[in-house]
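Read-outs throughout are calculated quantities, based only on the coordinates presented, and are distinct from any laboratory measurement. Fair warning: this is a prediction, and the values are worked out from it, not measured in the lab. All Cβ positions, even for glycine, are placed from backbone atoms using ideal geometry, and neighbour counts span all protein chains on display.
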Ligand SMILES: CC(C)(COP(=O)(O)OP(=O)(O)OC[C@H]1O[C@@H](n2cnc3c(N)ncnc32)[C@H](O)[C@@H]1OP(=O)(O)O)[C@@H](O)C(=O)NCCC(=O)NCCS
């Protein structure tokens, strides 16, 4: 009898410029105040960790993170609205945390809108804790909205690394 191993349907891989059309479609659908394509291009150009999550070859989400000086900063994490709440955001976040550790970060920081309850639940569930508040950080439909600053400490990477690929 031979066992047939199915390929995992979900895969996380580095973002390329060719992904930007699909990335922008998700960005515009998911955020009221989306990033411009130029911001994503800049993130790729300066060498930030830019990753996409694909499901059966279809781009479903992405994450952008900068790492330096022992700290990582999660700048964007987004899953296409039609496939949210299926564990993809958590999966991508886990990957980015492993990557941050691999690159020598001991802390991961991020900002999130105070009103973004879904994201706050995800981050708190993944060990992030509130460490501060940035007043009027984000544009909002009426005026500005505060950002909560969240942080999570990372355990030391095991000798030999985590297996996460380098960007
Ligand atoms: C935040 C976001 C990335 C979460 O991705 P996701 O794939 O939907 O999340 P997951 O299915 O992995 O859920 C992980 C946890 O997040 C929380 N969560 C996600 N969606 C939620 C919802 N609609 N209501 C309440 N909690 C929710 C839950 O704690 C969930 O764990 P559980 O399902 O075991 O209860 C996604 O909602 C998104 O892309 N939102 C728009 C962009 C955004 O706001 N990004 C964050 C910017 S800081």
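Structure above, values below:
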quantity: FRET efficiency estimate (nearest 0.05) - Cβ-Cβ, residue 31 to residue 10, R0 22 angstrom; calculated: 0.45
quantity: Rg(Cα)/(2.2 N^0.38 Å) for the range 1-88, N = residue count; calculated: 1.23
quantity: Dimensionless Rg/Rh of the chain - Kirkwood Rh, Rg from C-alpha atoms; calculated: 0.98
quantity: Mean residue ellipticity (222 nm) of the chain, computed from DSSP H runs ≥ 4 via -39,500 (n - 2.57), nearest 500; calculated: -8000 deg cm²/dmol
quantity: Sequence-separation-based contact order of the chain, relative, with Cα cut under 8 Å and 6+ spacing, percent; calculated: 19
